[in-house]
Amino acid sequence: MIFPFFWILITSFKPDGEIFGDGAFRIFAQHPTLNAYYEVLFNKNILTSVRNSLIVATTTTVYIIVIATFTAYAISRFRFPGKNLLLGLILAVSMFPQMIVVGPVYNMFLNLHLTNSFAVVLPYSTITLPIAVWILVTHFNQIPIALEESAKIDGASPLQILYKIVFPLAAPGVFTTAIIVFIAAWNEFLLTITLNSDSAYHTVPVAISFLRTQFQILWSEVSAATVIVTIPTLVIVLLFQKKIVSGLTSGGVKE
């Protein structure tokens, strides 16, 4: 699992002449260089793409968590006709290939003049909202309904019950869902490259895909950019790995 990351790291310090040929399999470059990092940071402006990804991923995470919380709570607590059908439909949406929805979404954005903007976060819900709802439904199901009934007797409104009782108890699941949504939005490629042709709005996966010339892929620059853009998600996972694991497992067993 670590080897691909290790190989990308050592490749980022190799000049182009050592990436291929007899020296391709050397662990350490004979003539290590930081030219690839200089190119992507100052000439290819990868930091602008990192900023765009942070804006897009953070915005997506915030609004998806809000929507998924209300949706999951309603599914978990209320009884209504077609409840299981709704859950199945949400799961089915998550299985749709992106290529099916990207055409209609592009036509809609073109008619609304929303292309080349940060409005790309809106269709991100097709890939992030279903999994967020499913994770949160599982966690809300584990919270005893007696707590909510006690709060209702004490005069709490439904919104107060949700954010003062249910939401704090489901915090591990909410936190885990937020991280999963953030990483999914950070890595998204197809929607961004289709809706945002202007390089000023490119996110990091799209920016990396353009590190090429007419006849070759600039592998040293691709490797350097990959190292740079992996750092934010790597830091998040390392800092919050215990919360991620507890959030994924705490709702897995009924008591």
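The values are calculated or read from the model by the stated rules, or taken from the named source; none is laboratory data. For clarity, every value in this text was computed on a predicted model and none was experimentally measured. All Cβ positions, even for glycine, are placed from backbone atoms using ideal geometry, and neighbour counts span all protein chains on display. Please note that ligands, DNA and RNA were not included when accessible areas were found on the heavy atoms of the full protein model with its side chains. Shrake-Rupley method; radii C 1.70, N 1.55, O 1.52, S 1.80 Å.
Descriptive notes on the structure:
- Contact map, the stretch 111-134: residues that are at positive phi paired with residues that are aliphatic (A, V, I, L, M), Cβ distance under 8 Å, separation 6+ or inter-chain. Pairs shown: Asn116/Leu195; Asn116/Ala200.
- Flag for Val120 being within 18 Å of the chain's Cα centre (by Cα), over 23 Å from Thr177 (Cα atoms) and surrounded by 13 or more Cβ atoms within 10 Å (Cβ to Cβ): no
- Complete set of residues in the stretch 7-26 that are among the hydrophobic types (A, V, I, L, M, F, W, C), open to solvent by 70 Å² or more (accessible area, probe 1.4 Å) and in contact with a helix residue (DSSP H, G or I) (Cβ under 8 Å, 6 or more places away or on another chain): Leu9, Phe13
- For the stretch 4-11, the count of residues that are within 28 Å of Thr176 (Cα to Cα) and in a loop (DSSP other than H, G, I, E, B) is zero.
- Residue among Thr230, Thr176, Thr194, Thr213 that alone is closer than 30 Å to Tyr106 by Cα, among the β-branched types (Val, Ile, Thr) and within 13 Å of the chain's Cα centre (by Cα): Thr230
- Within the stretch 19-39, the set of residues being part of a helix (DSSP H, G or I) and modelled with pLDDT of 85 or more comprises Ile19, Asn35, Ala36, Tyr37, Tyr38, Glu39.
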